[in-house]
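Following: one structure in structure tokens, then a few remarks.
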Amino acid sequence: MLQGIAFYLLSAVAVVSGLLVVTARNPVHSVLWLILAFFSSAGLFVLLGAEFLAMLLVVVYVGAVAVLFLFVVMMLDVDFVRLREGYATYLPLAAIVAGVLLAEMVMISIVVVQGGAASDAVAPAVATADASNVETIGRVLYTDYIYFFQAAGIVLLIAMIGAIVLTLRKKPSVRRQDPGAQTNRDRKTSVEIKGVVTGAGVTGEELR
């Protein structure tokens with residue numbers, strides 16, 4: 001009974017939060033509603049017994065992605081009034097796409113309810129008393145899907161390097177550190193002993 005109440009409550013919060021993400025006028029409020037939707041989805045994963053996925057959803061999406069969205073929205077001076085000028089123009093196309101996605105989700109839900117979602121030839125890995133969900137996911141991920149996992153890591157590494165290369169700009173007016181010169185410094189070039197008179201202090205010229 002309590003699980004049923006928690007399921008319907010979290011589902012309702014997730015659906016309402018998802019709608020408010022799209023319909024909120026303030027982009028900061030949209031990101032906050034998105035964080036609430038992530039928390040509600042994590043609660044649903046906990047009810048399904050997938051606590052590892054719930055932890056990933058909170059740590060990765062709420063702790064990194066949503067916070068990044070929030071900082072980007074707050075720091076960038078984006079003219080959202082100008083972005084909404086073409087809202088009425090693209091509304092029919094958006095309605096068609098939303099209708100297609102809704103129809104697909106309804107069809108998939110009907111198939112799952114009828115018991116045809118999983119094939120009889122492929123048995124999904126299920127956590128047992130001897131192995132937790134984390135251990136079961138690790139075994140499947142690093143045995144059956146190791147090549148896909150490595151390929152995804154390479155793609156993310158390339159994307160990270162590309163983002164650094166695209167955003168790195170060397171300007172002559174900006175002072176940059178030289179790690180090699182800092183590491184190779186010795187005591188003679190980095191330390192200078194000054195004889196300071198008691199009560200006189202140190203002048204700016206001496207500090208330079």
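Name every residue in segment 20-30 that is outside any loop (DSSP other than H, G, I, E, B) and closer than 17 Å to A66 by Cβ, in order of residue number. If the condition is that a residue be outside any loop (DSSP other than H, G, I, E, B) and closer than 17 Å to A66 by Cβ, then L20, V21, V22, P27, V28, H29, S30 are the ones that fit. Considering (1) surrounded by 11 or more Cβ atoms within 10 Å (Cβ to Cβ); (2) modelled with pLDDT of 90 or more, the lone condition that V100 does not fulfil carries the number (1).
Only one of these is modelled with pLDDT of 80 or more, over 30 Å from L19 (Cα atoms) and over 27 Å from the mean Cα position of the chain (by Cα): P92, P172, P179. Name it.
On the way: P92 fails: over 30 Å from L19 (Cα atoms); P172 fails: modelled with pLDDT of 80 or more.
Answer to the selection: P179.
Which of the residues spanning segment 31-80 are in a loop (DSSP other than H, G, I, E, B) and of a type outside the set (D, E)? Explain how you work it out, then say what you get.
Let us first name the residues in segment 31-80 that are in a loop (DSSP other than H, G, I, E, B), namely 48-50, 76-79.
Matches in segment 31-80: L48, G49, A50, L76, V78.
Of the candidates L56, L20, the single residue that is farther than 30 Å from G138 by Cα and among the hydrophobic types (A, V, I, L, M, F, W, C) is L20.
Go through segment 115-148 and count every residue that is in a loop (DSSP other than H, G, I, E, B) and either aliphatic (A, V, I, L, M) or at pLDDT 80 or above (or both). Explain how you work it out, then say what you get.
The initial filter retains those residues of segment 115-148 that are in a loop (DSSP other than H, G, I, E, B), namely 115-132, 142-145.
If we keep only those that are either aliphatic (A, V, I, L, M) or at pLDDT 80 or above (or both) as well, we get 117-118, 121-123, 125-127, 129, 131, 142-145.
Residues in segment 115-148 being in a loop (DSSP other than H, G, I, E, B) and either aliphatic (A, V, I, L, M) or at pLDDT 80 or above (or both): 14 in total.
The values are calculated or read from the model by the stated rules, or taken from the named source; none is laboratory data. Keep in mind that what you see is a predicted model, and the values were worked out from it rather than measured. Cβ: placed from backbone, ideal geometry, glycine included. Neighbour counts: every protein chain shown.
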